[in-house]
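Written below as structure tokens is the structure these notes are about.
The values are calculated or read from the model by the stated rules, or taken from the named source; none is laboratory data. Treat the numbers as computed from the prediction; the structure is a model and nothing was measured. Note that we place each Cβ from the backbone using ideal geometry, even for glycine, and neighbour counts take in every protein chain shown.
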Amino acid sequence: MIADIVFIFADKKWSDKMFAGIEKFFLIKERNSKFITEVAAGVTTFAAMSYIIFLQPMIMSGRLFKIDTGMDFNALIAGTCIASAFASILMGALANYPIALAPGMGENFFFVLTALPLCAGALGLKAGDAGAWKLALGVVFLSGLIFLLISFLNIRKLILESISPSLKSAIVGGIGFFIALIGLRNSGLICIINNNLTMAENMKSAAIAVFFIGLVSTAVLNIYKVRGSILWGIIIATVSALLLGETSLVFPFSLPPDPSPVFAQMDLVNIWPLLYKLLPLILIFTFMDVFDTMGTIIAVGTHAGIIKDNKLPNSEKAFAADACGTLFGSVCGHSTVTAFIESATGVEYGGKTGLTAVVTGLCFIAALFAAPFVNMVAHCNSITAPALVIVGAMMIKSISNIEWDDYSEAAPAFLILTGIPFTYSIADGMTIGFIAYPVIKLLGGKGRQIGWLTYLIGVILLLYLLFIRNTI
């Protein structure tokens, strides 16, 4: 049997036909690429975004915030890899885009810090009770269904146009500030003394040393444009943590962890009687996914040369793949799965087809066997804190797109930008800006610049603040 398999792979004619079939399916020659280039680009993309394997379980389990969400950490590791693999392979095979997907940064923070408490309150439970995260997963699942519907209708265009580019940029920047704040707190560099954020009194701690080593390493690697700089930064920080006694060495490989504690656990029953309370969460998750995906696909697609004459081929398939990723991600026990901007690193390497995304997905499957290493890293928050700060810095670049000279755009955008980190809530920060935006536009004589949907969103969020938020 083994000899037959070896003979098949050794048969040059068979292998030539296989590679020819792959090249034809992914249009590799038509896009002026090569098979080996696409494979290397997929590995490069994985190296750039693989930090999510470390961060996502820490965020969803609550370890990153020193709370307990009730979700099993090892099951979350498996779910992260499985969901990312499924969504990336689907994107590559269905839409033929060199774009990989995984649970999105920003959406995961919103899930834990906003959706979980609200779902717990709606059910009369504590945030760490299983019912809370199961209902929150149900919310994510429903948002994925809405996104799937939007992918094939003009609703996508209406939603996209209802929020100005300035507000979208402010959301990204505000989440960047928020993520960086979490990273600085986890590093031990910033702490709370007398209810105020301040610099740590003990600057000689090993945890802070690990943070600075990881931060400087990641930043320098970024300066030299080293692919996978965030992952390398985590590895360097891990080595320093081992040397300084902040974590303990383990054998890095084992059989994949059991995903069943969080797999297919979403609560779709309690959503309907509580829909009036959960609707803002569903809409926000949907908006975040739509905007993340749209921006990433346009940016990476342009860089890869897929977009021509301002047209996005197979856009419906790309958005459908993203929506299915979110649906399957919630089944795997995770927050919104979305397109990763780190896919640009693979495109920069030369990836131009869906084979790049498929290879990235296969790398996530291989990563299932590295759960002990992920656990070792998770025991020391200072190891992943630099990654949060760097990711925050990458996201904050978006504020340059805000129309600062137009105060009808700048003022609401600034409320979102500062509101998200200052309220320690993505939802609250967004809500403040979304309510202020139509009011300022209307009173400033620019009310006709925005559509009816923008006013409707503002009214809904105002009613939510006045009558619903304090009851859950």
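Worth a mention:
- Pair list, Cβ under 6 Å, 6 or more apart: the stretch 356-383 residue under 30 Å from Asn96 (Cβ atoms), other residue charged (D, E, K, R): Thr356/Glu38
- Some residue of the stretch 1-19 being in contact with a helix residue (DSSP H, G or I) (Cβ under 7 Å, 6 or more places away or on another chain), in the same structural domain as Ile179 (by TED's automatic domain parsing) and either modelled with pLDDT under 80 or farther than 24 Å from Gly392 by Cα (or both): no
- Checked across the stretch 125-137, the condition of being touching a residue at least 24 places away in the same chain (Cβ under 8 Å), crowded, with 18+ Cβ neighbours inside 10 Å, charged (D, E, K, R) and under 14 Å from Gly70 (Cβ atoms) holds for at least one residue.
- Residue match in the stretch 257-272 (condition: of a type outside the set (Lys, Arg), assigned by TED's automatic domain parsing to the domain that holds Cys380 and not in a loop (DSSP other than H, G, I, E, B)): no
- Pairing each residue of the stretch 140-164 that is under 27 Å from Val331 (Cα atoms) with any residue that is modelled with pLDDT under 70 and among the basic types (Lys, Arg), provided the two are 6+ apart or on different chains, yields C-beta distances under 6 Å for Ile150/Arg156.
- Condition check for Ala219: among the small types (Gly, Ala, Ser), at pLDDT 90 or above and more than 20 Å from Ala47 (Cβ to Cβ): no
- If the condition is being at pLDDT 90 or above and closer than 19 Å to Leu55 by Cα, then the stretch 113-135 contributes Leu116, Trp133.
- Note on the stretch 151-167: residues that are crowded, with 21+ Cβ neighbours inside 10 Å and at pLDDT 80 or above total 3.
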